[in-house]
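The values are calculated or read from the model by the stated rules, or taken from the named source; none is laboratory data. Small disclaimer: the values here were computed from a predicted structure and weren't measured. Glycine gets a Cβ as well: all are built from the backbone with ideal geometry, and neighbour counts include every protein chain shown. Accessible surface areas use protein heavy atoms only, side chains included; no ligands, DNA or RNA. Shrake-Rupley method; radii C 1.70, N 1.55, O 1.52, S 1.80 Å.
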Amino acid sequence: RSEGNFRLYGSPALEKLSFIKNCRALDLTLGEIKHLISLQNSPGKPCESVNEMIDTHLQIVETRINELANLQRDLSRLRQKCEQSRSIDQCGILDELSPKSP
């Protein structure tokens, strides 16, 4: 620790923290990051598992993008139900969201 009681980190620790930060920026989970760090400690192993992890993560991201695109479409469609300023009892959005009587 420093005189001001701050932790002092060496170069290897800073490199590991930077690696973790880069992984988190890619939205990798802590479990995925731990797995990648363990693989870094086995440099002779083939990297297929890294490729598979990233491929899986890409599929998850693509699914989320599609879900968000659908949400955007639904919200845009809903917004069109009330394009003019009206009173609450005439709000097309609230009407659309409300259950309909049989």
Under Karplus coefficients 6.51, -1.76 and 1.60, residue-wise ³J(HN,Hα) of segment 44-58 in Hz, glycine/proline x: x, 6, x, 9, 4, 5, 5, 4, 4, 4, 5, 4, 5, 5, 4
Within the chain, helix-based [θ] at 222 nm, where runs of 4 or more DSSP H residues each add -39,500 (n - 2.57), nearest 500: -21000 deg cm²/dmol
Net length gained if the chain between Leu17 and Glu62 were fully extended (0.36 nm per residue, minus Cα distance): 13.5 nm
Residues of the chain: accessible area per residue with a 1.4 Å probe, Å²: 86 Å²
Dipole-positive endmost among Ile65, Ser101, Gly44 within the chain (Cβ charges, Cα centre): Gly44
Where trypsin sites (Lys or Arg not before Pro) fall in DSSP loop in segment 16-102, at most 14 other Cβ within 10 Å: Arg86, Lys100
Principal-axis tilt of helix 30-40 within the chain, Cα atoms, nearest 10 degrees: 30 degrees
Prolate/oblate/rounded label for segment 42-102 (Cα gyration tensor, a/c 1.5): prolate
Loop sites in the chain: GluC sites (Glu not before Pro), DSSP, at most 13 other Cβ within 10 Å: Glu3, Glu83
Of the chymotrypsin sites (Phe, Trp or Tyr not before Pro) in the chain, those whose Cβ has at most 10 other Cβ within 10 Å and which sit in DSSP loop: Phe6
Surface share of carbon and sulfur [accessible, 1.4 angstrom probe, percent] for the chain: 55 percent
Relative contact order of the chain, pairs being alpha-carbon contacts under 8 Å that are 6 or more residues apart, as %: 12 percent
Charge dipole magnitude, Cβ of K and R +1, D and E -1 - the chain, Cα centre, debye nearest 20: 320 debye
